[in-house]
Every structure is written in structure tokens, then in C-alpha cells.
Ligand SMILES: Cc1cc2nc3c(=O)[nH]c(=O)nc-3n(C[C@H](O)[C@H](O)[C@H](O)COP(=O)(O)OP(=O)(O)OC[C@H]3O[C@@H](n4cnc5c(N)ncnc54)[C@H](O)[C@@H]3O)c2cc1C
């Protein structure tokens, strides 16, 4: 097993590492990671190592309270959630709520998202659905094969349904909540908003 080593080339029957070592491979699975848009890092605002905007728990930039980040571009409290559609939906709603609160002059809600697991398709007829605790640690339970593929398909359809419903009825999106363990200090730029509590609809 080789970890944190750089791959320089993938051949049909082998993987070549940056130091020139070649290892035979009957099957190579290339799992690419996600990245934040370069716009955030180019703005000069503070970001995390992956270029996500550093925000407080309302997704407001720690450098400028007029800027709110959403989804894969946000690093709330420097402890971002896993880049995924599962997180992007609730974070998009959170960002909208924060903007509406700013406009209304009310206190924005803080982030409250729990995860339920992850699902990986293996072709059209198989998938692995790994269940997780709300803090994204894996549970000792998964569903695989065709049942996993059905689960994945339903998840995708549900995602589209949720987007359509939110477009028809703003503010209708619901998601799994979960206590977020923030260990570092939350240092947002102080917004000039009065502290009246309200829950604006999106
Ligand atoms: C191949 C692939 C498979 C994936 N599979 C899964 C999965 O199975 N499950 C899962 O949970 N997640 C999956 N993801 C991740 C998921 O799609 C992302 O985490 C999610 O879409 C992030 O949402 P977002 O709103 O941050 O970004 P996006 O959905 O990428 O939306 C960003 C939008 O901003 C636009 N944009 C970018 N720069 C600018 C600019 N300068 N000006 C104007 N517009 C701009 C882009 O065109 C885009 O429309 C997958 C991603 C990929 C690439």
C-alpha cells in the first residue's frame, strides 16, 4: 500500500509514480478529488488550504460581512463539511437565509447540518451505500450491489425533486440536522445588524 505518493502516469496495465517506480495494475480506479473555484483565492480574502472562503457559522466571510459563501466554496470556522451535493443543498439554503436576514436586519441562523452517509455508483447496476453518523464517521452498515444502485438512483431523483420543490416553494427545503463540533474560534467580521430574532422564509 502506498499513501501520499504522487502518480505521474496511468497505463492500461500499470501505474507509474513520480519517482519513476512502476507497479503493475490489473484494475486501476482513478478517484479524483474536488476543488474550490479559483475566484475565491484570487479575491485576496482569507481561504483554507483548498481555496475555500473562510467563514463563520452563518457562512459570512471572516474578512467582509457583505460576502457569503455557499456549498463547496465555504470553509465555515475553518472546518468545512465534506464537498458533496448532500452538504451543498443545506449550505445553499443557509447562505440564502443569511442574506435574507442581513436584508431584514435580523440575526442569521447558524449552520446545522448532519450527514447520513455516502453513495458510490459502480456502473449503472451496482453501487455502495455506506451509512454514516451525523458527524460523517462511517457506521458498520452498508448496502451494495443492485440494491445499492437502486438506493443511489433514488437519491439522485430525490435531489432533483428537492431542487424543483424549492424553486416552486422557496424555503421548503428540509435536511438532516446535527450538532456540529466546532473546535476553533469563530471570527467573523462584525456585521452591522440589529439583534432581532426572526426566521425569514427563503
Ligand atoms: C463527477 C462528479 C460526481 C459527483 N458525485 C457526487 C455524488 O455522487 N454525491 C455527492 O454528494 N456529490 C457529488 N459530487 C459533488 C457535488 O456535485 C458538489 O459537491 C456540489 O455540486 C457542489 O455544489 P456547489 O454549489 O458548490 O458547486 P456547483 O454545483 O459546481 O455550482 C457552482 C456553479 O457556479 C458556476 N460558476 C463557477 N465560477 C463562476 C464564476 N466565476 N461566475 C459565475 N458562475 C460561476 C459554475 O458554472 C456552477 O454552475 C460530484 C461532483 C462531480 C464533479
Q. FRET efficiency for residue 8 and residue 48, Cβ-Cβ distance as r, R0 = 25 Å, nearest 0.05?
A. 0.40
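For the ranges 34-44, 11-21, what's the packing order if you count other beta-carbon atoms within 10 Å of each residue, average per peptide, and put the highest first? Walk me through the intermediate numbers first.
On the way: 34-44: 13.0, 11-21: 11.1.
By packing density, highest mean first, the sequence is 34-44, 11-21.
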Q: Based on other C-beta atoms within 10 Å, arrange 57, 107, 157 from fewest to most.
A: 157, 107, 57
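Using a/c under 1.5 as the rounded threshold, could you call region 46-183 rounded, prolate or oblate? The axes a ≥ b ≥ c are square roots of the C-alpha gyration tensor eigenvalues, and prolate needs a/b larger than b/c, oblate otherwise.
It comes out prolate by the Cα gyration axes.
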**Q.** C-alpha long axis of helix 145-168 to longest principal axis of the chain, angle in °
**A.** 30 degrees
Q. Where does each of 101, 121 land when they are ranked from fewest to most other beta-carbon atoms within 10 angstrom?
A. 121, 101
**Q.** Mean separation of Cα contacts under 8 Å (6+ apart) over length of the chain, as relative contact order %
**A.** 18 percent
Q) Between residue 156 and residue 18, what length comes free when the chain is fully extended (0.36 nm per residue of separation minus the Cα-Cα distance, one decimal in nm)? A) 46.0 nm
(Q) Considering the Cα positions of region 1-127, please state its Rg to one decimal place and its Dmax as a whole number of Å. (A) 19.4, 62
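Please report 152, 169, 6 as a ranked list, fewest other C-beta atoms within 10 angstrom at the top and most at the bottom.
In order of increasing Cβ crowding within 10 Å: 6, 169, 152.
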**Q.** Between 0 and 90°, nearest 10: helix 85-104 axis offset from the chain longest Cα axis
**A.** 20 degrees
Q: Answer rounded, prolate or oblate for region 71-111, using the Cα gyration tensor with square roots of eigenvalues a ≥ b ≥ c: rounded when a/c is under 1.5, else prolate when a/b is larger than b/c, else oblate.
A: prolate
(Q) With the cut-off at 1.5 for a/c, could you classify region 57-129 from its C-alpha gyration tensor as rounded, prolate or oblate? (A) prolate
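Read the figures in this text as sums done on the coordinates, not as results from a lab. Just so it is clear, the model here is predicted, and its values are computed rather than measured. Ideal geometry is used to build each Cβ from the backbone, glycine not excepted, and the neighbour counts take in all protein chains shown.
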